[in-house]
Amino acid sequence: MAELSAKKTRWNEWVLEKLFFFCAFVSVITTAAVIFILLEETLTFFETVPVLEFLTGTRWTPLLEPKHYGILPLVAGTMLIVIGAAIVALPIGVASAIFLSEYASHRARSIIKPILEILAGIPTVVYGYFALTFITPGLRVILPDTQIFNAASAAIVVGIMVLPMVASLCDDALRAVPASLRHGGYSLGATSFEVTTRIVVPAGLSGIFAAFVLAVSRAIGETMAVTLAAGATPNLTANPLESIQTMTAYIVQVSLGDTPSGSLTYQTLFAVASVLFVSTLMLNILGTWVMRKFREVYE
Amino acid sequence: MNDTNPRTQAFTRAQLRRRRAQSKAFEYFCSGVTGLAVVVLALLLYDIFMDGYRWVDAQFLNSFPSRFPEKAGIKSALVGTLWLVGFTAIIAIPTGVLAAIYLEEYAPKNRLTHFIEVNIANLAGVPSIVFGILGLAIFVRFFGLGRSVIAGALTMSLLILPVIIIAAKEAIRSVPSSLRQAAFALGATRWQVVRAHVLPSAMPGILTGVILALSRAIGETAPLIMIGALTFVAFLPSGPMDEFTALPIQIFNWTARPQETFHELAAGGIIVLLAVLLLMNALAVFIRYRGSKQ
């Protein structure tokens, strides 16, 4: 009898372990499905549009005649957002991280950390609203040439959006620098500015770089704010005051209409999403790799 | 004091004063910039509140969307969001927590485990719109679920799974191993150890992570647009196979219109959305606080 129940228990344990393994394996299936679906539709797309034309073409007009399928305008639009967002988020993020890790009292930290968490938790569509109804009118007061939909407004708001991530990753990197290094600097008579800029920041540089890379990846994938604020005009321009379209905004634009599956327009969704997926994945891998590889190990 | 040696020059009074001033200025600069983040948050909340607070009333919560702003409301959006989050929770919480249990308590240290872990970390960084494309191709088209609540919930579940797994793993890892060893020493099986000791101790951490993941699902817009959640719905879903809309979709729809009045409606919708998220966050903080006290 005891033998039987032990056998049953072992059988239960075995079943549960397999069940748990399956749950963990769902993530692998998800990745495989993403890659398979993107690849399948993209390859079909390349049967009609040559790869070279897609990657190097300077006109993107899949919804208008004459149709052109060159992704560069969408890439340029995305880059404009990424660069603008980086200009906003990087200096502010690093400076906030320095304040949080080097200067802030325990109390200040306990106030500012939750505020950053709130900023990080606000849905992106809300940032889109903020860009359209607050930042754009503001920009148009300062620079009257600004179009209603423009890259600058979207870039600023994406910068605000990734700021909490940059600040908290950089904060982690700086706090990982051991206090003994700072004490060494101070005991040689250095000021807090010198200790921070010549000892702490260089020691945490890999973490700061990783934060930068991950923030860029986030900005590339950002969708709602750029759809609302940056417009829907694929435009190969470097002028942030003009209306542009990012890769993500194009995907939204197409899916808001009714696109029959199997059509070339339907396939463009997957081709653009492939570029999006590959670029963010590569940046994420680079970011985590830098964080692991170049993390200074102190005894 | 005619010190011309460059190595000691740094310590002359004038130099010292300059360096101290520089250091002080740097400190003020950093704290000022940090203050900027606080100001931005305040501005954002103020802007939205001033635009929308007049619209938030019982009529707004209780009406369907309409061409006429005075009659428009968020009833179908709010109910749709509840359906969506409910099903997402049913699908994603067990899967995510069990996956975390496997990775922390069962998985052997081999290449496959390592691969799964790296894969989860990478999935967490995939843009949400790519999950939308996956949902469109697989759930909506391939499985023929259409633009239904269940298709939306499945897509959302895949999106928040990595978040739940990572949070739950962290919570499980922080359970001291002495607890496990004591139970094993008494002859408990692995599942008995997990169920009776590890899970109860890790529960506050797991719940916090789950709530934060679900609040992310509430705010996500792009994947829902991809799978074709409707923007104009004047009915309530009555089952998982029904079409639906959600709060962020309604907000997006109103914001994208040129008329000022619809922007104000959008702000009203955002106030409700932020209120819901704030409530969930408060719950998470409360659970974390209770957990840390024990």
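The values are calculated or read from the model by the stated rules, or taken from the named source; none is laboratory data. Everything quoted here is computed from the prediction, not taken from an experiment. Quick reminder, even Gly has a Cβ in these numbers, built from the backbone with ideal geometry, and neighbours come from all protein chains shown.
Data for the structure
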| quantity | calculated |
| --- | --- |
| Residue within region A:161-181 that is within 14 Å of another protein chain (Cβ to nearest Cβ), among the β-branched types (Val, Ile, Thr) and under 28 Å from A:Leu205 (Cβ atoms) present | yes |
| Test: A:Thr78 is of a type in the set (Val, Ile, Thr), surrounded by fewer than 24 Cβ atoms within 10 Å (Cβ to Cβ) and closer than 19 Å to A:Asn239 by Cβ | no |
| Identity of the residue in region A:79-135, of a type in the set (Ser, Thr, Tyr) and over 17 Å from A:Ala219 (Cβ atoms), that ends up farthest from the chain's Cα centre (by Cα) | A:Ser105 |
| Residue match in region B:108-116 (condition: at pLDDT 90 or above, buried (at least 19 other Cβ atoms within 10 Å of the Cβ) and assigned to a helix (DSSP H, G or I)) | yes |
| Cross-chain or 6+ apart pairs with Cβ under 6 Å, region B:173-186 first and assigned to a helix (DSSP H, G or I), then surrounded by 10 or more Cβ atoms within 10 Å (Cβ to Cβ) and of a type in the set (A, V, I, L, M) | B:Arg180/B:Val193; B:Ala183/B:Val193 |
| Odd one out for A:Val82 among (1) modelled with pLDDT under 95; (2) more than 8 Å from chain B (Cβ to nearest Cβ) | (1) |
| Boolean, A:Asp172 is part of a helix (DSSP H, G or I) and either of a type in the set (Asp, Glu) or modelled with pLDDT under 90 (or both) | yes |
| Within region A:205-254, tally of residues that are in a helix (DSSP H, G or I), among the polar types (S, T, N, Q) and more than 14 Å from chain B (Cβ to nearest Cβ) | 1 |
| Which listed residue, of B:Arg141, B:Arg67, B:Arg180, is within 14 Å of chain A (Cβ to nearest Cβ), surrounded by fewer than 21 Cβ atoms within 10 Å (Cβ to Cβ) and at pLDDT below 95 | B:Arg141 |
| Cross-chain or 6+ apart pairs with Cβ under 7 Å, region B:25-40 first and within 15 Å of A:Ser168 (Cα to Cα) and at the interface with chain A (Cβ under 7 Å from one of its Cβ atoms), then of a type in the set (A, V, I, L, M, F, W, C) and surrounded by fewer than 18 Cβ atoms within 10 Å (Cβ to Cβ) | B:Ala37/A:Ile115; B:Val38/A:Ile115 |
| Odd one out for A:Val75, checked against (1) more than 23 Å from A:Ala211 (Cβ to Cβ); (2) touching a residue at least 24 places away in the same chain (Cβ under 8 Å); (3) of a type in the set (A, V, I, L, M); (4) within 14 Å of chain B (Cβ to nearest Cβ) | (4) |
| Every residue from region B:92-115 that is farther than 20 Å from B:Val210 by Cβ and of a type outside the set (A, V, I, L, M, F, W, C) | B:Tyr106, B:Pro108, B:Lys109, B:Asn110, B:Arg111, B:Thr113, B:His114 |
| Residue count, region A:175-205 (criterion: within 17 Å of A:Gly287 (Cβ to Cβ) and surrounded by fewer than 21 Cβ atoms within 10 Å (Cβ to Cβ)) | 2 |
